[in-house]
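The values are calculated or read from the model by the stated rules, or taken from the named source; none is laboratory data. Being a predicted model, the structure only gives us computed values, none of them experimental. Don't worry about glycine lacking a Cβ; one is built from the backbone with ideal geometry, like all the others, and counts go over all protein chains shown. What goes into the accessible areas is simple: the full protein's heavy atoms, side chains included, and nothing from ligands, DNA or RNA. Shrake-Rupley method; radii C 1.70, N 1.55, O 1.52, S 1.80 Å.
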Amino acid sequence: MKSQRHLKTSLLSAALIAAGIGFTGAVQATETLRFAHVYETSEPFHRWAEWAAGEIEERTEGRYRISVHPASSLGNEQDINEALGLGTVDIIYTGAQFAGRYYGPMGIAGAPYMFRDFDHWQAYAESNLFQEIAEGFQDATGNVPIALNYYGERHVTSNEPINVPEDMQRLRIRVPGAPLYMMFPRAAGANPTPIAFDETYLALQQGVVDAQENPLPAIRAMAFHEVQDVINLTGHVTDSLITIVSGTRWNQLSEEDQEIFREVLQEAAQNNTADILQAEAELAAWFEEQGNTINEVDREPFRDVTVPYHLGDDADWDEETYDRLQALGQ
């Protein structure tokens, strides 16, 4: 009897081993994660999200598969931020201004004329200050900011040239639905109107708003140049997207896998940044070929009316943080 039980045990062990199962439990199954964003499939952000998905699957030996959901297919920017908190999406790109709704200092990178130029932005992206703010965001929300992606300089499109702040008086300008996006239009005397990104083309076409503001690559991707004649190079925000991982998911990863996610998503952010810089360098000429007017404006008058708002009522950061950011790269 004893030898029969021993034989059955040996046979069971062999069967489990053949099936890839040990007595400690089943081999870890592949988990599918969701990466959500609001950008078109033609934009670098989607391409590098897809690349990151493939890299993470390969480097984790198939433990994690990531499905990328572009173009607001899982909701607008507010929706995906809420879904991240609920754990129903695992990774998002979001604007610094939207992240600032959940932890005020994170929004500083999205304030108008906060950065002198791209080099100043880059110094912030690589700084201890950004790391400290990211840790504060994680403490406040549980979610984990991984990297800053350069989104580009935001410019105003319109059907009439805008050369000085007075040209924006009472202009109905579409902005994303986060308070910091309203700082520049209000400083210039315009009427900011929050409208979802994927609804903006129709709003411009139907005259619901007179203008909108976005970087050149986004203007092309969303074809705003088809319904607006003039691109005014106000450069009022040197803008960022933040790659954020849900804290629910992050805490389930091993330290090894956390490092893989961090390395891949940071590399994707660097590639996004390089692609956007290249696109910005080429697109002004492309828009002119399409028949649009590229209006080079003196930015100083716009900066002058906006900077006083940096430490005003809409600022969710303290003066020390502001001063540290301004000192970077000098």
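Quick notes on this structure:
- Being over 28 Å from Q122 (Cα atoms), surrounded by fewer than 19 Cβ atoms within 10 Å (Cβ to Cβ) and within 22 Å of the chain's Cα centre (by Cα) is a description that does not apply to D229.
- Members of the range 285-325 found to be closer than 30 Å to A223 by Cβ, part of a helix (DSSP H, G or I) and open to solvent by less than 30 Å² (accessible area, probe 1.4 Å), listed by number: F287, F302, T306
- Some residue of the range 251-268 being touching a residue at least 40 places away in the same chain (Cβ under 8 Å) and β-branched (V, I, T): yes
- Residue in the range 255-266 that is over 17 Å from the mean Cα position of the chain (by Cα), aliphatic (A, V, I, L, M) and on the phi > 0 side of the Ramachandran plot present: no
- Applying the criterion of at least 1 residues that are more than 14 Å from the chain's Cα centre (by Cα) and either modelled with pLDDT under 85 or farther than 30 Å from Y309 by Cβ (or both) to the helices (runs of 4 or more DSSP H) found wholly in the range 1-112 leaves 2-18, 44-59, 77-86.
- Taking first residues from the range 305-330 that are at positive phi and partners that are open to solvent by less than 60 Å² (accessible area, probe 1.4 Å), the Cβ contacts under 7 Å between residues at least 6 apart in sequence or on separate chains come to G329/H120; G329/A123.
- Within this structure, E160 passes the test of being among the acidic types (D, E), assigned to a loop (DSSP other than H, G, I, E, B) and within 23 Å of T200 (Cβ to Cβ).
- Only one of I173, I219, I146 that is open to solvent by less than 50 Å² (accessible area, probe 1.4 Å), in a helix (DSSP H, G or I) and either basic (K, R) or in contact (Cβ under 8 Å) with a residue 40 or more places away in the chain (or both): I219
- For the range 176-211, filtered to residues that are of a type in the set (G, A, S) and free of Cβ contacts under 8 Å to residues at least 24 places away in the same chain, the residue that is surrounded by the fewest Cβ atoms within 10 Å (Cβ to Cβ) is G207.
- Subset of the range 232-265 [assigned to a loop (DSSP other than H, G, I, E, B) and either open to solvent by less than 10 Å² (accessible area, probe 1.4 Å) or touching a helix residue (DSSP H, G or I) at 6+ places or on another chain (Cβ under 8 Å) (or both)]: S246, L253
- The single condition from (1) open to solvent by 10 Å² or more (accessible area, probe 1.4 Å); (2) hydrophobic (A, V, I, L, M, F, W, C); (3) within 29 Å of A123 (Cβ to Cβ); (4) within 20 Å of the chain's Cα centre (by Cα) that I276 fails is (1).
- Any pair with Cβ under 6 angstrom, 6 or more apart, that starts in the range 118-142 at a residue that is under 16 Å from V245 (Cα atoms) and ends at one that is open to solvent by less than 10 Å² (accessible area, probe 1.4 Å) and assigned to a helix (DSSP H, G or I): I133/M106; F137/M106; G142/G247
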